Amino acid sequence: AILVEKLKALGWDGQKKLVSFAPRSALSVKNLPVYMCEYIKKMTKDHFLFILHNIPILELLHLQIPILTNLSLEDSMATIQLSDFVISTDTGHLHCSGGYKKPTLGVFCYTDGYNISKYYDNTIIVQKHYKDDDSYCGPCNNYANCTVAPQAEIKPCMSSITPEMLENAWKKVLIIDK
């Protein structure tokens, strides 16, 4: 009941489906770029998207996505359980949503999202992956030593994820919910 009240205080009307969004990871190299978060906001416009993170994310404040912060681990898990969908770049959120069998969109860069989510039938992965394109270099599991773009702040394994890839995956997640 407390979490429902917190979500309502963020603007949830109690009717729209809840989308828990984890755009940040413990490792900053896995963080979703701002432009990708902007697209995810547009993509989920028919639902109530909120960020689940331990602190406000300053570079995302201008997007005006409500953020649920300062939760215990138990409350974070309960929030994921309460959510209808999860979108995450963080494996902790992904494992929790997988355990609760929530329809989940996982966005991965240099770690193998297919391997991480292999036990969760309810998870759709967005990732440039050599299993889909044998000319692609990833996932390499070695971000720090990227040979393709060693100086790039956002490596090609993240920057090559297109809005179309996200949109197609989101459509598949919505089908899981039916």
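The values are calculated or read from the model by the stated rules, or taken from the named source; none is laboratory data. These numbers were taken from a predicted model, which means no experiment stands behind them. Cβ placement follows ideal geometry from the backbone for every residue including glycine, while neighbour counts extend to all protein chains displayed. Surface accessibility is based on the protein's heavy atoms, side chains included, excluding ligands, DNA and RNA. Shrake-Rupley method; radii C 1.70, N 1.55, O 1.52, S 1.80 Å.
Structure above, values below:
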quantity: Charged-residue dipole, Cβ positions (Lys, Arg, Asp, Glu), the chain about Cα centre, Debye nearest 20; calculated: 240
quantity: Accessible-area composition of the chain, carbon plus sulfur, in percent [1.4 Å probe]; calculated: 53
quantity: Using alpha-carbon coordinates, inclination of helix 163-176 to the longest axis of the chain, degrees; calculated: 50
quantity: Approximate shape of the chain as ellipsoid semi-axes (Cα gyration tensor, √5λ), whole Å, largest first; calculated: 27, 17, 15
quantity: Computed over the range 1-45, the ratio Rg/Rh where both radii use C-alpha atoms and Rh is Kirkwood; calculated: 1.06
quantity: Accessible-area value, V148, 1.4 Å probe, nucleic acids and ligands omitted, Å²; calculated: 90
quantity: For the range 16-77, Kirkwood radius (reciprocal of mean inverse C-alpha pair distance, Å); calculated: 12.2
quantity: Residues of the chain: accessible area per residue with a 1.4 Å probe, Å²; calculated: 52
quantity: Partnerless cysteines, meaning none of the other Cys C-beta atoms lie under 4.7 Å away, in the chain; calculated: C37, C96, C137, C140, C146
quantity: Chymotrypsin sites (Phe, Trp or Tyr not before Pro) lying in DSSP loop within the range 111-143, provided at most 10 other Cβ fall within 10 Å; calculated: Y119
quantity: Inverse mean reciprocal Cα-Cα distance (Kirkwood Rh) of the range 59-164, Å; calculated: 15.3
quantity: Cα pair distances exceeding 17 angstrom across the range 50-92, given as percent; calculated: 31
quantity: Nearest-10 value in Å² for the accessible area of M36, using the 1.4 Å probe; calculated: 0
quantity: Cα centroid separation - the range 120-178 against the range 63-103, whole Å; calculated: 20
quantity: Where only alpha carbons of the range 108-178 are counted, the Rg and the Dmax (Å); calculated: 13.2, 43
quantity: Reach of K128 by Cα under 29 Å, taken over lysines that are not fewer than 8 positions away in the same chain; calculated: K17, K30, K41, K42, K45, K101, K102, K118, K155, K171, K172, K178
quantity: Tilt relative to the chain, helix 34-43 - C-alpha long axis, 0 to 90 degrees, to 10; calculated: 50
